[in-house]
Amino acid sequence: QVRMVESGGGLVQAGGSLRPPCAVSGIAFSWYDRGWYRQAPEKQRELVAVMSSSCSTKYGDSLRGRFTVSRDNAKNTVDLQMNSLQPEDTGVYYCTAVLRLDAYWGQGTQVTVSS
């Protein structure tokens, strides 16, 4: 059974930081592209950051430099370091792992940034 469990969300003031981890089990994680998406209220889910199995990275518009994705294959985790958070970063953050047609998602963790 594949499990992806995010944690570490919460309420933070503008300018603050969060680092939600995602613990993954049940798949050969190192083979997968892995990363984070987010969804704000009444908006579509959008890319935050992904890291391929070869460790190349891709970030959503304007997020590179503030957000950093990292992974630990030994621990089967994918973390998201978020700095200089702004109210527009508020949303539910989902971690994901993708290999060809297989895609797995966590249940999401709420991040709320107050002004």
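The values are calculated or read from the model by the stated rules, or taken from the named source; none is laboratory data. Everything numeric in this text was worked out from a predicted model, so none of it was measured. Cβ atoms come from the backbone with ideal geometry, glycine included; neighbour counts cover every protein chain shown. For accessibility, only protein heavy atoms count, side chains too; no ligands or nucleic acids. Shrake-Rupley method; radii C 1.70, N 1.55, O 1.52, S 1.80 Å.
If R0 is 25 Å, the Cβ-Cβ spacing of LEU101 and THR57 corresponds to a FRET efficiency of close to 0.65.
A quarter of the convex hull surface defined by the alpha-carbon atoms of the chain gives 6.8 nm² as the mean projection. Only one residue of ALA49, THR68, LEU101 has its Cα farthest out toward the positive end of the dipole of region 44-109, where Lys and Arg carry +1 and Asp and Glu -1 on Cβ, and that residue is LEU101.
The mean of 1/r over all pairs of different alpha-carbon atoms in region 38-88, once inverted, gives a Kirkwood hydrodynamic radius of 12.1 Å. Of the whole protein surface, LYS58 contributes about 130 Å² of accessible area at a 1.4 Å probe radius. When the label point is put 7 Å from the Cα of ALA28 along its Cα-to-beta-carbon vector, which residues of region 66-107 have a backbone N closer than 16 Å? It comes to 73-74, 76, 98-103, nothing else. Percent of Cα pairs in region 71-115 per distance bin of 10 Å, from zero to the largest separation: 22, 44, 28, 7. The charge dipole of the chain, taken about its Cα centre with unit charges on the Cβ of Lys, Arg, Asp and Glu (plus for the first two, minus for the last two), comes to roughly 200 debye.
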